[in-house]
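To start, the structure itself, in structure tokens.
Bear in mind that the values in this text are calculations on the coordinates, not laboratory data. It should be emphasised that the depicted structure is a prediction, and the values quoted were computed from it without experimental measurement. Please note: Cβ atoms are built from the backbone with ideal geometry, for glycine as well, and neighbour counts cover all protein chains shown.
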Amino acid sequence: MNRGLLVLLLAATLTACSQAVSAPLPTPPPTVRQVVTAPATTEAPPAPAPAPVMPCSATARACVSLSQRLAWLLEDGKVVEGPVPTMPGGPADPTPVGTWRVDRKNKVYRSRQYDMPMPNSVFFYPGIAFHEGSLTEYSHGCLHLSKEDSERFYAALQRGDEVQIVA
């Protein structure tokens, strides 16, 4: 092959290659960003727990719901204290359900039957009272209150005041 022809072919090839290399590359298609959202749920968020309901009549001065284990103090039919936690009697010694009147009060009382202290006792049924006691262990029919709540009930309730206990 002729050397001149070979140089010419080589030059043509190099020129073609250099044009191909320097030619702009095609622009890639724009990328589409996919936004992924959480699937819609049909479940509603959990509803807040209903507020405790004071179940007694407007004539009561003290109200207890045994099922809710809550107690209230009322004045002229309006709640002035509560709800506060209370612990009633257990299955062997249930707290009686009904409407009674405060019979007597004793700031420092000790149960002769159970040989246990019952501070801030407010008796409304034979042998049954509001008093300071455990909020985790059943009573023997009384209504246990915290120290602070028993002091408030003791101060607020007077002889003759109506006490309602509902299931």
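A few notes on this one:
- Positive-end ranking of MET116, TYR138, VAL84 along the dipole of segment 81-167, with charges on Cβ about the Cα centre, is headed by MET116.
- For segment 89-167, averaging the sequence separation of C-alpha pairs within contact (under 8 Å, six or more residues apart) and dividing by the residue count gives a relative contact order of 38 percent.
- For GLU151 and ALA49, the FRET efficiency from 1/(1 + (r/R0)^6), where r spans their Cβ atoms and R0 equals 30 Å, is about 0.60.
- Charge context of SER150, other residues only, Cβ under 14 angstrom, K/R +1, D/E -1: -1
- Cα-projected label distance for GLN158 with ASN106, points at 7 Å along beta-carbon direction, nm: 2.3 nm
- Computed from the Cβ-Cβ distance with R0 of 30 Å, the FRET efficiency linking VAL79 to SER134 stands at 0.75.
- Of the chymotrypsin sites (Phe, Trp or Tyr not before Pro) found in segment 68-167, those that fall in a DSSP loop while having at most 16 other beta-carbon atoms within 10 Å are TYR114.
- Loop-located GluC sites (Glu not before Pro) in segment 79-167 (DSSP state not H, G, I, E or B) with no more than 10 neighbouring Cβ atoms inside 10 Å: GLU137.
- Spatial separation of Cα centroids for segment 64-108 and segment 120-143, in angstrom: 9 Å
- The trypsin sites (Lys or Arg not before Pro) of segment 114-167 meeting both criteria, a DSSP state outside H, G, I, E and B (loop) and at most 15 other C-beta atoms within 10 angstrom of the site's C-beta, are ARG159.
- Three-way shape label, segment 90-167, alpha-carbon gyration tensor, a/c 1.5: rounded
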